[in-house]
1. What whole-number distance in Å separates the alpha-carbon centres of region 147-214 and region 64-137?
2. Once the dipole of region 3-220 is set up with Lys and Arg at +1 and Asp and Glu at -1 on Cβ about the Cα centre, which of Gln29, Ile42, Leu176 lies farthest towards its positive end?
3. Please give me the summed charge of the neighbours of Gly222: other residues whose Cβ is under 10 Å from its Cβ, Lys and Arg +1, Asp and Glu -1.
4. Report the label-to-label distance for Asp115 and Val165 in nanometres (one decimal), using points 7 Å from each Cα along the Cα→Cβ vector.
5. Rounded to the nearest 20 Debye, what is the dipole magnitude of region 3-220 about its Cα centre when Lys and Arg each give +1 and Asp and Glu each give -1 at the C-beta?
6. Give, rounded to the nearest 20 debye, the magnitude of the charge dipole that region 18-135 has about its Cα centre when Lys and Arg contribute +1 at Cβ and Asp and Glu contribute -1 at Cβ.
7. Among Ala90, Ser196, Phe157, flag the residue with its Cα farthest along the positive direction of the charge dipole of the chain, charges on Cβ as +1 for Lys/Arg and -1 for Asp/Glu.
8. With both bridge residues required to lie in the chain, what share of the DSSP beta bridges run antiparallel, to the nearest 5%?
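What follows is calculated from the coordinates using simple rules that are stated; it is not laboratory data. Not measured: the values here are computed from a predicted model. Neighbour counts run over all protein chains shown; Cβ positions are idealised from the backbone, glycine included.
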Amino acid sequence: MNMEQRIKNLYDRIKKACDKAERDISEIQVVAVTKTVSTDRIEEAYKWGFRNFGENRVQEAREKIPNLAHLKDVKWHLIGHLQKNKVKYAVRMFDMIQSVDSEQLAYEISKRAKDNIDVLVEVNTSMEPQKHGAKPDEVFDLVEYVLSLEHLNLLGFMTVGPYPVSEKGSKRAFSLLREIRDKAEVKFDRRFPILSMGMTEDFEYAILEGSTMLRIGRGIFGERTY
């Protein structure tokens, strides 16, 4: 299957999930996840209309993003765990950091950023010990802290669904993030429009539970080559 076929299949799946959820497909943004993907294939995805791209690792992004500076209207998202010692590089390259999971990391981003940067609070809604993310019962304290800092524009929340994927487990994790967002909007009297949840294997469940942003790698680029 080539990229054109994968993209058609992806949007067919998104449309079906949106129809089932009685939502409009225009509510869904797709971040093309470019982990291990070469620059020429990223340029191909750009030609197919993608403008949001996500990298997992700062080091890989440092080698890749400067070579794609000619692509216009592109937003780069950091979707992987960010170590504090890499923040100084991240704030220069990325338009959004989706993986803010601690006060220490939020402080470091605020300190290093010269301009405002969009961020999401990452929540471990599946409660899996190997996953990063704030604990659900600690989220509101972290949100309050992020909102108090300069240069951070908090737009919503992110989570990684449980693995292996199951309808019950995925829906539970995604609905919890939506509930956290809804409560946060009331508590802090402001909108948090972005719910970044759902990847190639589980995004239909995420759409049913209110996702507004999908992070899709294999569904666009095919299987990774490591």
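1. 16
2. It is Ile42, whose Cα lies furthest towards the positive end.
3. +3
4. Going from the Asp115 label point to the Val165 one covers 3.6 nm.
5. The dipole magnitude comes to about 500 debye.
6. 520
7. Ala90
8. Antiparallel bridges: around 0 percent, rounded to the nearest 5.
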